[in-house]
1. So, in the stretch 140-160, of the ones that are in contact with a Ser or Thr (Cβ under 9 Å, 6 or more places away or on another chain), among the small types (Gly, Ala, Ser) and part of a loop (DSSP other than H, G, I, E, B), which residue ends up surrounded by the most Cβ atoms within 10 Å (Cβ to Cβ)?
2. Is there any pair linking a residue in the stretch 1-18 that is under 21 Å from Ser60 (Cα atoms) and part of a helix (DSSP H, G or I) to one that is modelled with pLDDT of 85 or more and small (Gly, Ala, Ser), with Cβ under 6 Å and at least six apart or on different chains, and which?
3. Are there any pairs, at least 6 apart or on different chains, whose C-beta atoms fall under 8 Å, with the first in the stretch 118-142 and closer than 12 Å to Thr55 by Cβ and the second assigned to a loop (DSSP other than H, G, I, E, B) and among the basic types (Lys, Arg), and if so, which?
4. Is it true that Ala131 is modelled with pLDDT under 90, under 20 Å from the mean Cα position of the chain (by Cα) and more than 22 Å from Ala21 (Cβ to Cβ)?
5. How many residues does the stretch 223-239 contain that are among the charged types (D, E, K, R) and in contact with a strand residue (DSSP E or B) (Cβ under 7 Å, 6 or more places away or on another chain)?
6. For Val170, all conditions in the list (1) buried (at least 18 other Cβ atoms within 10 Å of the Cβ); (2) without any contact (Cβ under 8 Å) to a residue 60 or more places away in the chain hold save one; what is the number of the exception?
7. If you take the residues in the stretch 175-188 that are crowded, with 18+ Cβ neighbours inside 10 Å and among the aliphatic types (A, V, I, L, M), which one is farthest from Ala124 (Cα to Cα)?
8. Please verify whether the stretch 101-114 includes one or more residues that are among the hydroxyl-bearing types (Ser, Thr, Tyr), buried (at least 24 other Cβ atoms within 10 Å of the Cβ) and either farther than 20 Å from Ile235 by Cα or more than 14 Å from the chain's Cα centre (by Cα) (or both).
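The values are calculated or read from the model by the stated rules, or taken from the named source; none is laboratory data. All of these numbers come straight from a predicted model, not from anything done at the bench. Here the Cβ positions follow ideal geometry from the backbone for every residue, glycine too, while neighbour counts run over all protein chains shown.
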Amino acid sequence: MMLLYFIVILLTGVVGLKMGALSRKGTVAAIFTGNAIAYGFGWKGLVLLGVFFGTSTLWSKYKQDRKQETERIVVKGSARDEYQVLANGGAAAFAGVMMAMFPSLWWIAFFISALAASNADTWASELGVLAKRDPYHILKLRTVPRGTSGAVSMPGLLASFLASLLVAGVGFFLFDLPFTLFLVITGAGVLGSMIDTIIGATIQEEFYCETCSLKTERTVHCGVGTTKIKGISGINNDVVNMVSSLCGGIACGVWFL
């Protein structure tokens, strides 16, 4: 059965590469992640991973022309590289390996919640920037440019909730979970997304481009190196996404205690 899973995952990765949703190294990372999830959760895990990857890809391509200004700030484009893939799917892949070794409802809940958090953060990022009004910084409580780390908007918050609800709902039916756990997973996914925002507002790296006077996540902008003005070195968007996903999984796991 794992051979069949591998073939399906491989074909999906190739399609993602051809569509521009994955880079070459991102495709390799996606194949690794998918197999780890299939190892522990079988076809059900792959369906849930497909919900995350499919909807995330859809929203990343949605109204791309209106996201051009945002792409000057954020460090990543619509094609996910290996770091993005592992940041969003690494916790779920880890849960797959642990589920194969130590089968438990705890790992199922962790897996679904981690994906719910990643999905919530992705939807919030991709749809929040399309809001008619500029977002508010969660700590400064004033409007900031779209794409700024630590910014929130009502459409983004709604997208975050719906994204978590979708993953939790699909997981609820696939794994025949208790309804209470479905609610907990939904909340854990939203919480993970909010933690992403808080970290982005506080300790995530932020740089300044002397050429165009823009605050950005990029270390190189307008063809020259940027100056770090905030955050802890090494705490970039990928690290924040990984922490967000882990927190979503752990938050649900705490419910069992």
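1. Ser149
2. Here the result reads Ile9/Gly34; Gly13/Ala30, each pair linking the stretch 1-18 to a residue that is modelled with pLDDT of 85 or more and small (Gly, Ala, Ser).
3. Cβ pairs passing all conditions: none.
4. yes
5. Residues flagged as among the charged types (D, E, K, R) and in contact with a strand residue (DSSP E or B) (Cβ under 7 Å, 6 or more places away or on another chain) within the stretch 223-239 amount to 2.
6. The failed condition is (2).
7. Top of the filtered list is Leu177.
8. Yes, that holds for at least one residue.
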